[in-house]
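Worksheet: the structure to be examined is printed underneath.
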Amino acid sequence: MKMLLAFVRAYPARSSLALIALLFAGLLDGLGLSTLLSMLSLATESEGDPSLPEQIALDVVGFLGVEPTPLALLLLATTLIATKAILVLLANRQVGYTVAHVATDLRLALLRAVMASRWRYYLSQPVGRLSNSVATEAQRASEGFRDGAMMAALLINGVIYFAIALMISWQASVAALLAGAVMLLALHGLVRAAGAAGRNQTRLQKSLLSVMTDQLGAVKPLKAMAREEHLDGLLARQTEQLKVALRREVFNKEALSALQEPLLAILVGIGFFIFVVHLEIALAAVVVMLFLLARVVNLLGKSQRAYQRMVVSESAYWSMREAIEAALAERETNPGDRSPTLAEGIRFDGVTFRHGGAAPLLQSQSMVVPANSLTVVVGPSGAGKTTLLDLVAALLQPEAGQILIDGVPLSEIDHRQWRRLIGYVPQEALLVNDTVMKNITLGEPGLSESDVERALRSADAWEFVAALPEGMHTLIGERGGRLSGGQRQRLALARALVHTPKLLILDEATSNLDPVAEQAVLATIEHLKGELTMLAVTHGDGLLGIAEQVYRMTEGCLQPVTPGGRQSDTLAAPGR
């Protein structure tokens with residue numbers, strides 16, 4: 001119920017419209033049944049005063065100026081029930097629209113919260129877990145809202161039917177209600193068991209998809225070494241556990257449905273016996289009472305099944321809310337408000353940084369990246385070169401010292417505005433199975449074909465793109481599989497250049513290329529010199545030959561060396 005209340009608070013207008021429609025539908029249905037009771041009494045010429053529901057129906061007919069004949073009452077009852085069906089349809093449509101909104105809003109809330117979180121938090125989140133939340137948990141949560149709305153609708157109808165039954169015979173109604181309550185309590189254990197199975201599903205799916213995403217990323221070397229059974233072993237146990245949880249959920253759902261039906265039949269039989277033998281109710285009233293009480297108990301049973309389904313889905317909703325709130329708690333702060341420029345350059349002034357309690361990757365280090373030049377940082381893998389780039393992009397903040405942009409501390413600059421001046425080329429070109437143009441623009445509507453062509457020409461990629469069957473509208477395959485490594489990297493370079501950045505960051509941009517492709521990319525980088533500021537990190541020697549400034553990074557120290565690799569005669573002392 002807590003989840004349903006959370007949805008009602010989140011969507012008050014939609015929920016209110018649906019509930020109002022359902023309430024009026026129930027009232028019309030109740031009035032229609034009262035009219036049918038009056039018709040039966042007239043048709044069977046029952047003796048005695050009409051019951052309260054019958055009198056209400058007769059008063060409505062009199063108000064409409066129609067003679068209370070069986071045919072008139074039948075037509076009125078039919079009209080009321082048909083109107084009720086239309087209101088139920090409208091209410092269900094409103095619920096359906098809200099279900100779609102719930103799933104979409106949860107997905108967007110999670111994605112936006114994660115994208116706005118600190119870089120360190122983002123790196124700690126398994127991709128598979130986030131994918132599971134977006135693809136599976138959001139859908140299950142929205143289905144939980146639908147089941148909760150269905151439960152509310154069934155309860156509303158049940159209350160109205162029970163009210164009509166009370167007007168006919170309060171003793172029989174109370175007895176039937178107590179019997180129905182006993183039935184629901186007796187079967188409530190199946191609801192709890194299904195809820196536990198749903199919580200296990202949520203936990204296992206998060207873990208399973210997290211492991212699958214990580215392992216499938218390395219499936220090629222596993223197959224190449226004939227060790228794919230290793231992946232099977234990792235996933236088999238969790239998959240079996242998930243199967244058990246699904247089986248328990250299905251069993252408890254089916255058991256609840258199967259046990260409710262015979263219990264309902266028994267209650268109806270007992271009610272018929274009591275009405276006819278002990279209460280001596282008129283035959284027409286007996287028929288209506290049996291129908292009403294059977295409907296009340298049936299609606300209670302259906303609402304219990306809807307509640308069971310909602311309980312199964314509830315864990316997915318709270319899991320997603322937990323993920324959203326955790327990401328919001330790690331929201332990236334942006335203390336600066338100054339607009340950035342890059343006319344002079346970037347300067348590290350006594351910067352210290354470490355990951356957690358590890359040894360410092362940078363210890364009171366200084367470095368200068370002049371504007372409109374190529375600065376290369378070379379060092380072994382694991383030396384902290386990518387971390388240095390993350391500091392420049394304000395994805396990480398130094399523990400001590402400061403980074404200055406044109407003499408202004410980066411902490412005083414609006415980080416989003418600063419990042420909009422950056423073009424980033426990663427070690428591996430992250431391409432998707434779409435057209436060249438979509439891979440360059442990433443779907444941004446403000447970029448035109450002329451912008452893409454300009455970027456491709458700057459990256460020396462226009463010649464091979466123009467030769468493709470459909471030019472920049474050619475599909476390039478999964479991860480750009482239809483292109484060579486050098487071509488993929490030049491597309492990544494074009495993507496970084498399409499926004500005409502002032503700073504181009506190259507993170508091991510040539511390390512995965514063969515010698516021919518590397519030389520082609522190096523030639524592209526060389527002709528970009530002077531057009532914008534470039535900061536590159538590498539563990540190879542290729543970029544050193546075209547660099548204008550070179551720093552060697554080892555054991556937390558940045559030492560300037562002369563371009564070409566010879567160490568400078570004047571080393572920058574730590575902290576300077």
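The values are calculated or read from the model by the stated rules, or taken from the named source; none is laboratory data. Nothing here was measured: the structure is a model prediction, and the numbers come from that model. Backbone-built Cβ (ideal geometry, glycine too); neighbour counts: all protein chains shown.
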Study note, to complete from the structure: Taking first residues from the range 473-493 that are in the same structural domain as Asn433 (by TED's automatic domain parsing) and second residues anywhere that are surrounded by 15 or more Cβ atoms within 10 Å (Cβ to Cβ) and among the aromatic types (Phe, Trp, Tyr), the pairs with Cβ under 6 Å that are 6 or more apart or on different chains are Gln487/Phe464
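For every residue, the table says whether it meets (1) modelled with pLDDT under 85; (2) surrounded by fewer than 18 Cβ atoms within 10 Å (Cβ to Cβ); (3) not assigned by TED's automatic domain parsing to the domain that holds Thr500.
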position	(1), (2), (3)
Leu389	no, no, no
Val392	no, no, no
Leu404	no, no, no
Leu410	no, no, no
Gln417	no, yes, no
Val425	no, no, no
Leu431	yes, no, no
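Would you point out the residue of the range 115-154, among those that are more than 20 Å from Val99 (Cβ to Cβ) and hydrophobic (A, V, I, L, M, F, W, C), that is nearest to the chain's Cα centre (by Cα)? Spell out the reasoning first.
Quick first cut of the range 115-154, residues more than 20 Å from Val99 (Cβ to Cβ) only: 115-131.
Imposing the further condition that a residue be hydrophobic (A, V, I, L, M, F, W, C) reduces the set to 115-116, 119, 123, 127, 130.
Working: Met115: 12, Ala116: 15, Trp119: 19, Leu123: 18, Val127: 12, Leu130: 8 Å.
Among those that are more than 20 Å from Val99 (Cβ to Cβ) and hydrophobic (A, V, I, L, M, F, W, C), it is Leu130.
Please state which one of Ala517, Ala536, Ala572 is modelled with pLDDT under 85, buried (at least 17 other Cβ atoms within 10 Å of the Cβ) and in contact with a strand residue (DSSP E or B) (Cβ under 6 Å, 6 or more places away or on another chain). Talk me through it step by step, then tell me what you get.
Working: Ala517 fails: in contact with a strand residue (DSSP E or B) (Cβ under 6 Å, 6 or more places away or on another chain); Ala536 fails: modelled with pLDDT under 85.
Residue meeting the stated conditions: Ala572.
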Practice item. Identify the single condition in (1) among the hydrophobic types (A, V, I, L, M, F, W, C); (2) buried (at least 17 other Cβ atoms within 10 Å of the Cβ); (3) within 18 Å of Trp119 (Cβ to Cβ) that Val369 does not satisfy, given that it satisfies every other one. Key: (3)
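Considering only helices (runs of 4 or more DSSP H) fully contained in the range 433-550, which possess at least 2 residues that are among the basic types (Lys, Arg)? Working first, answer last.
Working: elements: 436-441, 449-458, 462-466, 485-497, 515-528.
So the answer is 449-458, 485-497.
Could you check, for the range 477-491, whether at least one of its residues is surrounded by fewer than 19 Cβ atoms within 10 Å (Cβ to Cβ) and in contact with a Ser or Thr (Cβ under 6 Å, 6 or more places away or on another chain)? Spell out how you get there, then give the answer.
Restricting attention to the range 477-491, the residues satisfying the condition of being surrounded by fewer than 19 Cβ atoms within 10 Å (Cβ to Cβ) are 477-479, 481-482, 484-485.
From the residues that got through so far, the ones that are in contact with a Ser or Thr (Cβ under 6 Å, 6 or more places away or on another chain) too are none.
No, the range 477-491 contains no residue that is surrounded by fewer than 19 Cβ atoms within 10 Å (Cβ to Cβ) and in contact with a Ser or Thr (Cβ under 6 Å, 6 or more places away or on another chain).
May I ask you to list the residues in the range 341-371 that are over 20 Å from Ile413 (Cα atoms), touching a residue at least 24 places away in the same chain (Cβ under 8 Å) and out of contact with any helix residue (DSSP H, G or I) (no Cβ under 8 Å at 6 or more places or on another chain)? Spell out how you get there, then give the answer.
Of the residues in the range 341-371, the ones over 20 Å from Ile413 (Cα atoms) are 354-365.
Now restrict to residues that are touching a residue at least 24 places away in the same chain (Cβ under 8 Å): 354-355, 359-365.
Hits for the range 341-371 are Arg354, Ala359, Pro360, Gln363, Ser364, Gln365.
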Revision key, fill the gap. Those residues of the range 100-110 which are buried (at least 21 other Cβ atoms within 10 Å of the Cβ) and either more than 8 Å from the chain's Cα centre (by Cα) or among the acidic types (Asp, Glu) (or both) amount to Val102
Practice item. State all residues of the range 89-123 that are under 14 Å from Phe7 (Cα atoms) and aliphatic (A, V, I, L, M); if no residue qualifies, say none. Key: Val95, Val99, Ala100, Val102, Ala103, Leu106
Review point. If you check Leu76 against the conditions, is it under 19 Å from Tyr161 (Cα atoms), in contact with a helix residue (DSSP H, G or I) (Cβ under 6 Å, 6 or more places away or on another chain) and at pLDDT 70 or above?
Key: yes
Review point. Scanning the range 420-432 for residues that are part of a strand (DSSP E or B) and either touching a Leu at 6+ places or on another chain (Cβ under 6 Å) or among the acidic types (Asp, Glu) (or both), which turns out farthest from Asn334 (Cα to Cα)?
Key: Val425
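Here is a list: Pro335, Pro370. Which entry is within 21 Å of Ile422 (Cβ to Cβ) and in contact with a strand residue (DSSP E or B) (Cβ under 7 Å, 6 or more places away or on another chain)? I'd like the intermediate steps shown before the answer.
Values: Pro335 fails: in contact with a strand residue (DSSP E or B) (Cβ under 7 Å, 6 or more places away or on another chain).
Sole residue among the options that is within 21 Å of Ile422 (Cβ to Cβ) and in contact with a strand residue (DSSP E or B) (Cβ under 7 Å, 6 or more places away or on another chain): Pro370.
When you scan the range 111-202 for helices (runs of 4 or more DSSP H) that lie fully inside it, which ones turn up with 1 or more residues that are buried (at least 20 other Cβ atoms within 10 Å of the Cβ) and in contact with a helix residue (DSSP H, G or I) (Cβ under 8 Å, 6 or more places away or on another chain)?
Working: elements: 119-124, 127-132, 138-168.
It comes to 127-132, 138-168.
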Check your understanding: In the range 452-470, is there at least one residue being surrounded by fewer than 21 Cβ atoms within 10 Å (Cβ to Cβ) and within 28 Å of the chain's Cα centre (by Cα)?
Key -> no
